[in-house]
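Undergrad: My structure is below; once you've seen it, I'll send some questions.
The values are calculated or read from the model by the stated rules, or taken from the named source; none is laboratory data. Just so we're clear, the structure is a prediction, and the values are computed from it rather than from any experiment. Backbone-built Cβ (ideal geometry, glycine too); neighbour counts: all protein chains shown. When the accessible area is computed, the model is the full protein with side chains, heavy atoms only, and any ligands, DNA or RNA have been set aside. Shrake-Rupley method; radii C 1.70, N 1.55, O 1.52, S 1.80 Å.
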Amino acid sequence: MILLARAIWSCKGRIVINGALRVCDNVVIAVGSSIDISPLKDEPVVDLGDSIILPAFVNAHCHLDYTGLAGRLNPGISFTDWIDQIVEIKRYLTVDEQESSWIRGSQMLIKSGCGVVFNIESVPGLFSRMIKHTPLQVCPFTELIGFKDGDDESLVDLAKRELSKNSSLSIVAGLAPHSPYTTTSKALNVLAGYADREGAPIAVHVSESDDEWAMFTTGAGALYDKMKGLGRRMSDCCAKSPIQHFNNSGGAAIRTLVVHANYLINEDVDFLAKSGLSVVHCPQSHSWFGHPEFEYSRLAEKGVNICLGTDSLASSGRANSEIAELNMFSEMRKFQSRNQEVDVDDILEMATINGAKAIGMEGQFGQLREGMLANFSVIPFPSHLYDVKETIIAHEGSISGLFINGKHVFSGKC
């Protein structure tokens, strides 16, 4: 099959005007000008007219089962206050509510052009039940929390069970030790070693809040008091940044996604760069909490792979106001509004190929190149517009179409 469009954004630096995309089964066979790619005998040709074809987004961090929490929380007087809110709400969530939230979140991502999402699975078994209900390629990262001495053995047991179950149901399955403050140093190290032996990526929330920063650098503050009260041993809180604590714990696997990294010192940036770790930035959530400016320039200058994610709807929207959706276009626009100097090509890469790089699958998806999976979306390209990249990032509303693994999974009107 050949699809024709007014433009194709294949990857950074490659825009094809009057483009043609040849797909066979679930693979991209050719990308180029419609003049150069002629149909074979009996090969279907679909003319999409004034449209742009682009790679389906790779959402590098999400909590699908929190979709139903949209507008039910507020940033609070501290990050710890927000944690208290979400813990209290989750106590009363039913299985039906968790499942419907997961599915509703996946539907939001599909209609906004997402093909792959790295999802934090906080409920064991939820992914294996839900994945058959969506064409979205969900990469499950099993959430692991254990902040008391001796918890490492039970966490590894849970990791083994979920990884064994999920690996056959997904293109990639990973582990998510929640954070340095909710996972012991020993557990971080043991889980990283296990992940490397299994060839699995890990995702860890690190240096997300000023409360976490205060806990590890000063041994004080609201989060310090909360975790101490819950029985966590606090002797590791001794004038180190959260990133440095993570480093000293040996918590980094070969493929590690450091989620948020909102508070950094020079040594943190150096560690992230030298270790080849990826950083996931969630612009909408970052703005909702009112964190200081994300350190994009320092990280990018050091060559850190930076990805975009949506995080969850537990950290967006407010009660009695318009509720946000999980949408990578919105994340790109929010990032651009605060980083006007960053080239749009680089922003688009953060939403596509960089996520694939983070888990070692840049040869599989995230770009439209020969031999890669046929994961792509289609948006309108109004005849009065001429800048392809700006048209992509400015797009609002549903996409026109989405193909995942070569299958046409969504059609919509914009």
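Undergrad: Every residue in segment 320-346 that is in contact (Cβ under 8 Å) with a residue 12 or more places away in the chain, in a helix (DSSP H, G or I) and either over 14 Å from the mean Cα position of the chain (by Cα) or crowded, with 22+ Cβ neighbours inside 10 Å (or both), please.
TA: If the condition is that a residue be in contact (Cβ under 8 Å) with a residue 12 or more places away in the chain, in a helix (DSSP H, G or I) and either over 14 Å from the mean Cα position of the chain (by Cα) or crowded, with 22+ Cβ neighbours inside 10 Å (or both), then Met328, Glu331, Met332, Arg333, Lys334, Phe335, Gln336, Arg338, Val344, Asp345, Asp346 are the ones that fit.
Undergrad: Let me ask you something else. Please specify each residue of segment 201-222 satisfying the condition of being open to solvent by 10 Å² or more (accessible area, probe 1.4 Å) and in a loop (DSSP other than H, G, I, E, B).
TA: Glu208, Gly219, Ala220, Gly221
Undergrad: Of the residues Asp236, Asp225, Asp270, only one is surrounded by fewer than 21 Cβ atoms within 10 Å (Cβ to Cβ), part of a loop (DSSP other than H, G, I, E, B) and among the acidic types (Asp, Glu); which?
TA: Values: Asp225 fails: part of a loop (DSSP other than H, G, I, E, B); Asp270 fails: part of a loop (DSSP other than H, G, I, E, B).
Selected residue: Asp236, the only one of Asp236, Asp225, Asp270 that is surrounded by fewer than 21 Cβ atoms within 10 Å (Cβ to Cβ), part of a loop (DSSP other than H, G, I, E, B) and among the acidic types (Asp, Glu).
Undergrad: Let me ask you something else. Report, by residue number, each residue of segment 55-95 that is outside any loop (DSSP other than H, G, I, E, B), hydrophobic (A, V, I, L, M, F, W, C) and within 18 Å of the chain's Cα centre (by Cα).
TA: First pass over segment 55-95, keeping only residues outside any loop (DSSP other than H, G, I, E, B): 55, 57-62, 64-69, 79-90, 95.
Add one more test, that the residue is hydrophobic (A, V, I, L, M, F, W, C), and what stays is 57-58, 60, 62, 64, 69, 79, 82-83, 86-87, 89, 95.
Matches in segment 55-95: Phe57, Val58, Ala60, Cys62, Leu64.
Undergrad: State yes or no: is Ser100 over 30 Å from Gly221 (Cβ atoms), touching a residue at least 12 places away in the same chain (Cβ under 8 Å) and open to solvent by 30 Å² or more (accessible area, probe 1.4 Å)? Steps first, answer last, please.
TA: Working: over 30 Å from Gly221 (Cβ atoms): yes; touching a residue at least 12 places away in the same chain (Cβ under 8 Å): yes; open to solvent by 30 Å² or more (accessible area, probe 1.4 Å): yes.
Against the criterion (over 30 Å from Gly221 (Cβ atoms), touching a residue at least 12 places away in the same chain (Cβ under 8 Å) and open to solvent by 30 Å² or more (accessible area, probe 1.4 Å)), Ser100 qualifies.
Undergrad: Of Ile52, Ile29, which residue is open to solvent by 20 Å² or more (accessible area, probe 1.4 Å) and either part of a strand (DSSP E or B) or of a type in the set (Phe, Trp, Tyr) (or both)?
TA: On the way: Ile52 fails: open to solvent by 20 Å² or more (accessible area, probe 1.4 Å).
Result: Ile29 is the single residue among Ile52, Ile29 that is open to solvent by 20 Å² or more (accessible area, probe 1.4 Å) and either part of a strand (DSSP E or B) or of a type in the set (Phe, Trp, Tyr) (or both).
Undergrad: Here is a check on your reading of the model: is Asp47 open to solvent by 10 Å² or more (accessible area, probe 1.4 Å) and either among the hydroxyl-bearing types (Ser, Thr, Tyr) or over 20 Å from Phe403 (Cβ atoms) (or both)? Please lay out each step first, then the result.
TA: Numbers: open to solvent by 10 Å² or more (accessible area, probe 1.4 Å): yes; either among the hydroxyl-bearing types (Ser, Thr, Tyr) or over 20 Å from Phe403 (Cβ atoms) (or both): no.
So Asp47 fails the test.
Undergrad: Condition check: farther than 18 Å from Gln367 by Cβ and aliphatic (A, V, I, L, M). Does Leu3 satisfy that?
TA: For Leu3, the condition - farther than 18 Å from Gln367 by Cβ and aliphatic (A, V, I, L, M) - is not met.
Undergrad: Still on this structure, I have one more. Kindly provide the set of residues from segment 239-260 that are over 26 Å from Gly199 (Cβ atoms) and part of a loop (DSSP other than H, G, I, E, B), ordered by number.
TA: Ala239, Lys240, Ser241
Undergrad: Please give the number of the condition Val304 fails out of (1) open to solvent by 60 Å² or more (accessible area, probe 1.4 Å); (2) without any contact (Cβ under 8 Å) to a residue 40 or more places away in the chain.
TA: (1)
This table checks each residue for (1) within 17 Å of Leu109 (Cβ to Cβ); (2) among the charged types (D, E, K, R).
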residue: Ala356; (1), (2): yes, no
residue: Met361; (1), (2): no, no
residue: Ser383; (1), (2): no, no
residue: Glu390; (1), (2): no, yes
residue: Ile393; (1), (2): no, no
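Undergrad: Across segment 147-171, which residue is nearest to Asp196 (Cα to Cα) among those that are touching a Ser or Thr at 6+ places or on another chain (Cβ under 8 Å) and open to solvent by 60 Å² or more (accessible area, probe 1.4 Å)? Break it down stepwise before answering.
TA: Let us first name the residues in segment 147-171 that are touching a Ser or Thr at 6+ places or on another chain (Cβ under 8 Å), namely 147-149, 151-152, 155, 158-159, 162-163, 165-166, 169.
Within this subset, residues satisfying the condition of being open to solvent by 60 Å² or more (accessible area, probe 1.4 Å) are 148-149, 165, 169.
Values: Lys148: 24, Asp149: 23, Lys165: 18, Leu169: 20 Å.
Here the residue is Lys165.
Undergrad: Restricting to segment 367-410, what's the tally of residues that are over 19 Å from Arg333 (Cβ atoms) and at pLDDT below 95?
TA: Residues flagged as over 19 Å from Arg333 (Cβ atoms) and at pLDDT below 95 within segment 367-410 amount to 3.
Undergrad: Does Leu4 count as modelled with pLDDT under 95 and either closer than 30 Å to Ala261 by Cβ or not in a helix (DSSP H, G or I) (or both)?
TA: Details: modelled with pLDDT under 95: no; either closer than 30 Å to Ala261 by Cβ or not in a helix (DSSP H, G or I) (or both): yes.
Considered against the rule, which asks whether it is modelled with pLDDT under 95 and either closer than 30 Å to Ala261 by Cβ or not in a helix (DSSP H, G or I) (or both), Leu4 comes out as no.
Undergrad: Taking only segment 104-124 into account, find how many residues are in contact with a Ser or Thr (Cβ under 6 Å, 6 or more places away or on another chain) and either farther than 20 Å from Trp9 by Cα or surrounded by fewer than 24 Cβ atoms within 10 Å (Cβ to Cβ) (or both).
TA: Initial filter on segment 104-124 (in contact with a Ser or Thr (Cβ under 6 Å, 6 or more places away or on another chain)): 104-106, 111, 113, 121.
Next cut, either farther than 20 Å from Trp9 by Cα or surrounded by fewer than 24 Cβ atoms within 10 Å (Cβ to Cβ) (or both) only: 104-106, 111, 121.
Count: 5.
Undergrad: Would you call Ser128 in contact (Cβ under 8 Å) with a residue 40 or more places away in the chain, assigned to a helix (DSSP H, G or I) and open to solvent by 30 Å² or more (accessible area, probe 1.4 Å)?
TA: Yes.
Undergrad: Inside segment 368-401, can you point out the residues that are touching a residue at least 40 places away in the same chain (Cβ under 8 Å), assigned to a loop (DSSP other than H, G, I, E, B) and open to solvent by 30 Å² or more (accessible area, probe 1.4 Å)?
TA: The answer is Arg369, Glu370, Gly371, Pro382, Ser383, Glu396, Ser400.
Undergrad: Additional query: Hey, any hits in segment 66-74 for a residue that's open to solvent by 10 Å² or more (accessible area, probe 1.4 Å) and at pLDDT 95 or above?
TA: yes
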